[in-house]
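Have a look at the structure below before the remarks.
The values are calculated or read from the model by the stated rules, or taken from the named source; none is laboratory data. From a predicted model like this one, the values you see are computed outputs, not experimental measurements. So basically every Cβ, Gly included, is an ideal-geometry build from the backbone, and we count neighbours across all protein chains shown. Please note that ligands, DNA and RNA were not included when accessible areas were found on the heavy atoms of the full protein model with its side chains. Shrake-Rupley method; radii C 1.70, N 1.55, O 1.52, S 1.80 Å.
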Amino acid sequence: MQEAQTTLAHDTAPDHQPLVLQDVQGAVATLTLNRPSKRNAISLAMVGALEQTIGQLPDSVKVVILAARGENFSAGLDLAEIPDMSAAEGVHHSHAWYRVFEQLQFGRVPVISVLQGAVVGGGLELAACAHVRVAEESAYFGLPEGTRGIFLGGGGSVRVTKLIGFSRVTEMMLTGRTYNAHEAFQIGLTHYTVAAGAGLAKAQELALRIAGNAPMSNYAIMRTLPLIAEQPMSHGLMTESLIAAITQSEPEAKERVQAFLAKRAAKVQRSS
Ligand code: 1HE
């Protein structure tokens with residue numbers, strides 16, 4: 001059984017454009033899916049390019065923005081890979097996606113996704129790995145696997161289901177219905193809805209806020225909340241108490257709390 005290859009050799013499109021663009025500005029790295037002519041369909045090569053890019057981010061990066069070029073975030077799995085794929089290759093294919101998606105969700109830094117146009121199938125599975133989802137008005141969300149005769153294979157049956165529940169996922173997959181940006185916000189698929197073209201600016205604003213948090217708090221939020229959600233209550237409370245104690249023992253936490261007590265730190269601001 002041949003394991004799926006996700007290596008450097010596969011990180012460009014046939015026209016030699018990188019499949020993932022990287023732009024690091026201070027503490028924020030923006031990774032951009034770069035296959036707009038194919039609606040950013042996710043090929044194994046793109047998965048490999050994402051894996052490589054994330055793995056090589058400089059230590060100075062504290063937040064990742066995941067965006068996509070063109071009018072669509074992603075049309076999902078590159079369907080051209082399906083016809084010649086054996087069952088065994090299919091398993092490895094999914095696991096290649098899982099590896100990268102795990103790096104995104106449980107990596108070193110939080111991820112904010114900027115979503116426009118089609119966010120469907122594997123595109124939605126990818127978006128579901130992000131910690132914050134900003135949708136432009138044009139975004140629509142669907143799981144067309146049923147109509148293609150296939151199934152979720154990029155972790156969506158776990159991650160998307162955790163976001164909106166298995167009942168909605170079942171109905172989306174059975175009927176092919178899509179949610180628009182406003183509906184997606186209402187059901188909890190996204191956190192912000194912004195005007196067309198305003199997604200990146202919103203993500204950058206949020207990224208700077210997140211980058212200003214204590215790193216240990218960000219780490220605890222990303223790493224332990226999903227774990228606690230899967231634990232029975234008694235385990236969850238124990239996990240929470242341990243991570244709370246560790247987080248608040250960091251010198252940075254002591255300094256930040258002292259700054260507030262000494263009236264040197266900003267108060268909580270109402271969100272606009
Ligand atoms: C693709 C793909 C793709 C576009 N794989 N090539 N995903 C889907 O079922 C969605 C399939 N795509 C679409 O329904 C439409 O392309 C869109 C609604 C997203 C956009 O429509 P449109 O009119 O803007 O673009 P287009 O003309 O359909 O596509 C432009 C090109 O992209 C065209 O190739 P060309 O060579 O003819 O120019 C399309 O073939 C190509 N293209 N989407 C391959 N998905 C880990 S399991 C996850 C399982 C899934 O993700 S299932 C969902 C798959």
**Asked** If you add up the charges near Arg133, with Lys and Arg at +1 and Asp and Glu at -1, over every other residue whose beta carbon is less than 13 angstrom from its beta carbon, what do you get?
**Response** 0
**Asked** What are the lysines whose alpha-carbon lies under 20 Å from the alpha-carbon of Lys254, with same-chain residues fewer than 8 places away excluded?
**Response** Lys263, Lys267
**Lys, Arg +1 and Asp, Glu -1 on Cβ, resulting dipole of the stretch 5-211 about Cα centre, debye, nearest 20** = 460
**Dimensionless Rg/Rh of the stretch 181-272 - Kirkwood Rh, Rg from C-alpha atoms** = 1.05
**Request:** Relative to the compact-globule scaling 2.2 N^0.38 Å, provide the ratio for the alpha-carbon radius of gyration of the stretch 191-237.
**Result:** 1.59
**Request:** Please give the per residue accessible area of the stretch 215-261, computed with a probe of 1.4 Å over protein heavy atoms only, in Å².
**Result:** 72
**Prompt:** Okay, which of the stretch 28-44 sit inside 13 Å, backbone N to the point 7 Å along the Cα-Cβ direction of Leu79?
**Reply:** 39, 41-42
**Prompt:** What value does the chain have for Rg/Rh, both radii from Cα atoms and Rh as Kirkwood defines it?
**Reply:** 0.98
**Prompt:** Over the chain, what percent of the accessible surface lies on carbon and sulfur atoms, probe 1.4 Å?
**Reply:** 57
**Item:** For the stretch 215-261, convex hull volume per residue from C-alpha positions, Å³
**Value:** 67
**Fill in**
Taking a straight Cα-to-Cα line shorter than 12 Å from Lys162, and setting aside same-chain aspartates and glutamates fewer than 8 residues away, one finds Glu125, Glu230
**Message:** For Leu143, what residues show an amide H to amide H distance below 5 Å, using hydrogens built from the backbone and excluding near sequence neighbours?
**Reply:** Gly121
**Complete:** For the Ala201, Arg148 Cβ pair and Förster radius 35 Å, calculated FRET efficiency rounded to 0.05 is 0.50
**Message:** Below 8 Å between Cα atoms, with a sequence gap of 6+, how large is the relative contact order for the chain in percent?
**Reply:** 15
**Asked** Is it possible to state the helix-based mean residue ellipticity at 222 nm for the chain, with each DSSP H run of 4+ residues giving -39500 (n - 2.57), the sum divided by total residues, to the nearest 500 deg cm²/dmol? What is it?
**Response** -14000 deg cm²/dmol
**Prompt:** Which cross-chain or sequence-distant (5 or more) residues have an amide H under 5 Å from the amide H of Leu77, H modelled 1.01 Å from N in plane?
**Reply:** Ile42, Gly122, Gly123
**Item:** Per-residue HN-Hα couplings for the stretch 85-94 [Karplus 6.51, -1.76, 1.60; θ = phi - 60°; Hz; x = Gly/Pro]
**Value:** 8, 7, 4, 5, 5, x, 4, 5, 4, 4
**Prompt:** Which value results when the Cα radius of gyration for the stretch 67-140 is divided by 2.2 N^0.38 Å?
**Reply:** 1.19
**Fill in**
If amide H atoms are modeled at 1.01 Å from N in the peptide plane, then the residues at a separation of 5 or more from Ala135, or on another chain, having amide H under 5 Å from its own are Leu115, His191, Tyr192, Thr193, Val194
**Using θ = phi - 60° and Karplus 6.51 cos²θ - 1.76 cosθ + 1.60, couplings along the stretch 205-222 (whole Hz; Gly, Pro as x)** = 4, 5, 4, 5, 5, 5, 5, x, 6, 5, x, 5, 5, 4, 4, 5, 4, 5
**Request:** Could you run the Karplus curve 6.51 cos²θ - 1.76 cosθ + 1.60 with θ = phi - 60° over the stretch 238-254 and give me ³J(HN,Hα) per residue in whole Hz, x for Gly and Pro?
**Result:** 5, 4, 4, 5, 5, 5, 5, 5, 5, 4, 6, 8, 4, x, 5, 5, 4
